[in-house]
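To keep things clear, I will list the structure first and then write my remarks on it.
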2 protein chains.
Amino acid sequence: VILTVTPNPALDVTYRVGRLERAETNRVRSVVARAGGKGVNVSRVLHALGVATCATGPLGGPTGRVVAADLAALGVETAFLPIAGETRRTVVVVEEEGEEPTGLWEPGPQLAPGEWAALSAHVTELIGAAQVVVISGSVPAGVPEDGCALLVAAARARGVPVVLDGSGASLRRGLAAGPTAIKPNADELAELCGRPVSGPADALAAAAQLREEGAEAVVASLGADGLVAATGAGSWSARLPRVLHGNATGAGDAAVAGLAAAFARGAAWPEALRDAVAQSAAAVLAPVAGAVDPALCRSLRDEVVVTAL
Amino acid sequence: VILTVTPNPALDVTYRVGRLERAETNRVRSVVARAGGKGVNVSRVLHALGVATCATGPLGGPTGRVVAADLAALGVETAFLPIAGETRRTVVVVEEEGEEPTGLWEPGPQLAPGEWAALSAHVTELIGAAQVVVISGSVPAGVPEDGCALLVAAARARGVPVVLDGSGASLRRGLAAGPTAIKPNADELAELCGRPVSGPADALAAAAQLREEGAEAVVASLGADGLVAATGAGSWSARLPRVLHGNATGAGDAAVAGLAAAFARGAAWPEALRDAVAQSAAAVLAPVAGAVDPALCRSLRDEVVVTAL
């Protein structure tokens, strides 16, 4: 089973409006809500592809119950830890006549003293049954800066591969604990390395630097340029030879799901990257953000071009 | 007891942001949620002033449970009818560095066939124990156009006074059922009468027209111009002799609470209008939208100037 850890899960709510007018009252035409947070999204993709997964993280309040009910309805296995605070919502306002969507990100709960320690113990227990661990997304207030790093270390100590997809201080601290792979995008890579990343060559140089800081492999997601991976077994570029038009929301999570599933079955890096690109592309082409179709994944897989660098 | 009927209750959520950037992801700094919908707001004001009240309406889903829990925590008596759909949220985005707030109004549930009939029977039963009935706010999808009118008629048939504070087709149909009072603002008055209302004289003429359509009294709320009332016992203006600066959200609901409480104790019109203006002004001055302070109401009451027109 692939265990996904989402430190700050969410209920992702989409509001459709004609046009968002600032400083006015806007009538929302439709409301769609579903479980979210990056690790939860990874579990949903894995489940859709028939890969055994379990989603964990702290969950609380009425919104937390809606998140749990949504995943239960899909049949995604979960092992959330109840907390006192309320799970956050992210609201995305999509304009039918307008611009790009507008996001409103709630901060999420402040974890009470002891809640992260309890989660950490809970995750460590779940790691015992996991083939691969994915730790993904932002961390809520009240989590120590080395919180995710300690989870990475706990999994690595048991020989379980870990994909870490975080950001900021939490990701930087996590590097030193030796994750099997991290999956930054160009902006995250630039922030981690302190210099601009404008293409595959920059990404490869930055990835080499982060490997020196402790990551066993770095898989950078570069949008239309696909993935660039620097690993102990070599470096590769993996991409589709055509430009896709669609919704990039959730594409990164689908790529992480592809990597994790490949690690779980012991696939070699070129195959893992091929899967990750195909699943990411399927997510871009999905009618609902991040929902991947297994048949589309299989057909895209044959189109992916993997090149040793 | 004053029974308030809210056909489309809400959870009113306030998001505080630095500045709302359209087509960007905005980090929400704080989230505050409380029970809302116009009738619910009237009950909260009455309860704060020590007047016995009971709030009813259709309520459903996880958001409905949060609304019920919020009112229970305040000690406001409720008798909501469970429905299959989910109670709506209204999101107000307040900018710390910016403009007026931006509202996002969810449409609310589509009532299933039979649900409005069940609510109507439920309200009719509650009317038996009510001194005054307040019917306030918008109606959700699935409610017949004469839905509120039939509730007005049911109360009037039992000799119970009714304050109707609605809008659109529902308010127009409700007029013919003979509500004791309606409380339109200038815009609603203009829409009902089909001509502009730009001051107390226009409002009085429009109010006379609506009395011919069936309302026993019309109490128009005109912002800084206070209230203008046309009743079977005479016409009055009631206002504070000074301009207030504050948050007008909920001021109309506080005025309705003042009228309803005055009707419940059999007060004469000038006294009812004095109370309504004082409570409305207290709501404008309240630190939290619509929360009125009893002591402030009493002191403002002495300042209100009531003039026969």
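The values are calculated or read from the model by the stated rules, or taken from the named source; none is laboratory data. What you see is a predicted model, and the numbers here were worked out from it, not measured in a lab. Cβ atoms come from the backbone with ideal geometry, glycine included; neighbour counts cover every protein chain shown. We work out accessible area using only protein heavy atoms, side chains counted, and drop any ligands, DNA or RNA first. Shrake-Rupley method; radii C 1.70, N 1.55, O 1.52, S 1.80 Å.
As a test of the formula, what do you get for chain A when each DSSP H run with n ≥ 4 contributes -39,500 (n - 2.57) and the sum is divided by the residue count, at 222 nm and rounded to the nearest 500 deg cm²/dmol?
One gets -11500 deg cm²/dmol as the mean residue ellipticity at 222 nm.
With all pairs of different alpha carbon atoms counted, what Kirkwood hydrodynamic radius in Å does segment A:147-217 show?
Averaging 1/r across every pair of different Cα atoms and inverting gives 12.0 Å.
Can you work out ³J(HN,Hα) from phi for every residue in segment B:52-58, in order, using Karplus 6.51 cos²θ - 1.76 cosθ + 1.60 and θ = phi - 60°, giving whole Hz and x for Gly and Pro?
5, 8, 9, 9, 10, x, x
Can you run the Rg to Rh ratio on segment A:36-80? Use alpha carbon positions and the Kirkwood inverse-distance Rh.
0.94
Using the crude model of +1 on Lys and Arg Cβ and -1 on Asp and Glu Cβ, and no other charge, please compute the dipole size for segment A:1-104 relative to its Cα centre, in debye to 20.
Using Cβ point charges on Lys, Arg, Asp and Glu, segment A:1-104 gives about 240 debye.
Run down the lysines and flag those whose C-alpha is under 27 Å from the C-alpha of A:Lys183, throwing out any fewer than 8 positions away in its chain.
A:Lys38
Considering the options A:Ala261, A:Gly36, A:Thr102, tell which one lies farthest towards the positive end of the dipole of chain A, charges being +1 on Lys and Arg and -1 on Asp and Glu at the Cβ, about the Cα centre.
Checked the options; the winner is A:Ala261.
Using a simple charge model, +1 on the beta-carbon of Lys and Arg, -1 on the beta-carbon of Asp and Glu, nothing else, what dipole does segment A:152-285 show about its Cα centre, in debye to the nearest 20?
260 debye
Taking 22 Å as R0, compute the FRET efficiency from the Cβ-Cβ separation of A:Arg27 and B:Glu191 and round it to 0.05.
It comes to 0.85.
I need the semi-axes of the equivalent ellipsoid of segment A:174-270: take the C-alpha gyration tensor, multiply each eigenvalue by 5, square-root it, list largest first in whole angstrom.
So the three semi-axes of segment A:174-270 are 19, 17, 12 Å.
Lys and Arg at +1, Asp and Glu at -1: add these up for the other residues within a Cβ distance under 13 Å of A:Glu271 and post the number.
Residues close to A:Glu271 contribute a combined charge of +1.
Could you quote the convex hull projected area for segment A:1-160, Cα atoms only and averaged over all directions, in nm²?
10.4 nm²
Any idea what diffusion coefficient chain A gets from Stokes-Einstein, in µm²/s, Kirkwood Rh on alpha carbon pairs, 4 °C, 1.567 mPa s?
It diffuses with D of about 66 µm²/s by this estimate.
Rounded to the nearest 5, what % of the DSSP beta bridges within the protein assembly as shown are antiparallel ones?
Rounded to the nearest five, the antiparallel share is 45 percent.
Using R₀ = 30 Å, calculate the FRET efficiency as 1/(1 + (r/R₀)^6) where r is the Cβ-Cβ separation of B:Thr307 and B:Glu100; round to 0.05.
0.40
Kirkwood Rh and Cα-based Rg: tell me the resulting Rg over Rh for segment B:78-217, rounded to two decimals.
Rg/Rh for segment B:78-217 comes to 1.02.
Accessible area per residue for segment A:1-151 in Å², computed with a 1.4 Å probe and the full protein assembly in place, what is it?
Here the per-residue accessible area is 38 Å².
Can you give the three extents of the C-alpha atoms in the protein assembly as shown along their principal axes, from longest to shortest, in whole Å?
92, 43, 40
I need the calculated FRET efficiency for the pair A:Ala268 and B:Ala72, taking r as the beta carbon distance and R₀ as 56 Å, to the nearest 0.05.
Result of the calculation: an efficiency of 0.40.
Between copies, how far does the label point of A:Gly194 sit from its twins, in nm, shortest first, when each point is 7 Å from Cα along Cα→Cβ?
For A:Gly194, the other copies' label points sit at 7.4 nm, shortest first.
Among B:Ala169, B:Gly142, B:Gly214, flag the residue with its Cα farthest along the positive direction of the charge dipole of segment B:112-224, charges on Cβ as +1 for Lys/Arg and -1 for Asp/Glu.
Of the candidates, B:Gly214 comes out farthest on the positive side.
Taking a label point 7 Å out from Cα toward Cβ, give me the nm distances from A:Glu212 to the same spot in the other copies, shortest first, one decimal.
8.8
Which peptide among B:294-300, A:118-124, A:169-175 comes first, and what is the full order, when sorted by highest mean count of other Cβ atoms within 10 Å?
A:169-175, A:118-124, B:294-300
At 1.4 Å probe size, with the rest of the protein present, what percent of the exposed accessible area of chain B is carbon and sulfur atoms?
Carbon plus sulfur share of accessible area: 53 percent.
How much accessible surface does B:Asp202 have with a 1.4 Å probe, in Å² rounded to 10?
Counting only protein heavy atoms, B:Asp202 exposes about 60 Å² to solvent.
Per 0.36 nm of contour for each residue apart, how much would the distance between A:Ala205 and A:Leu285 grow if the chain were fully extended, relative to their Cα-Cα spacing?
25.8 nm
Grab the other residues whose beta carbon is less than 15 angstrom from that of B:Ala206, score K and R as +1, D and E as -1, and report the net.
Around B:Ala206, the charge tally is -3.
Dipole magnitude of the protein assembly as shown about its Cα centre, charges +1 at Lys/Arg Cβ and -1 at Asp/Glu Cβ only, in debye to the nearest 20?
It works out to roughly 740 debye.
Looking down the axis that turns A into B, which residue of A has the closest beta carbon, and how many Å out?
Here the value is A:Pro62, 2.
Report relative contact order for segment A:1-107 in percent, whole number only (criteria: Cα-Cα under 8 Å, sequence separation at least 6).
After rounding, I find 35 percent.
I'd like the mean, over residues of A:29-40, of how many other protein chain beta carbons sit within 10 Å of each residue's own Cβ.
So the per-residue partner count for this stretch is 1.
When you look at the Cβ of every residue in B:98-105, what mean number of other chain Cβ atoms sits within 10 Å?
What the average comes to for B:98-105 is 6.
Give me the accessible area buried between chains B and A, both sides summed, with a 1.4 Å probe, in Å² rounded to the nearest 100.
Its buried surface, counting both partners, is about 2500 Å².
Measuring nothing but label to label, 7 Å from Cα along Cα→Cβ, what are A:Gly98's distances to the other copies in nm, shortest first?
Spacings between copies for this position, smallest first, are 1.0 nm.
What are the extents of the Cα atoms of segment A:136-188 along their three principal axes, in Å, largest first?
Principal-axis extents of segment A:136-188 (Cα, largest first): 29, 28, 15 Å.
Would you tell me the mean number of C-beta atoms belonging to other protein chains that fall within 10 Å of each C-beta in A:18-24, as a whole number?
The shielding value for this peptide is 5.
Farthest toward the dipole's positive end in the protein assembly as shown, which of A:Gly75, B:Gly234, B:Pro184, given Cβ charges of +1 (Lys, Arg) and -1 (Asp, Glu) about the Cα centre?
In the protein assembly as shown, that residue is A:Gly75.
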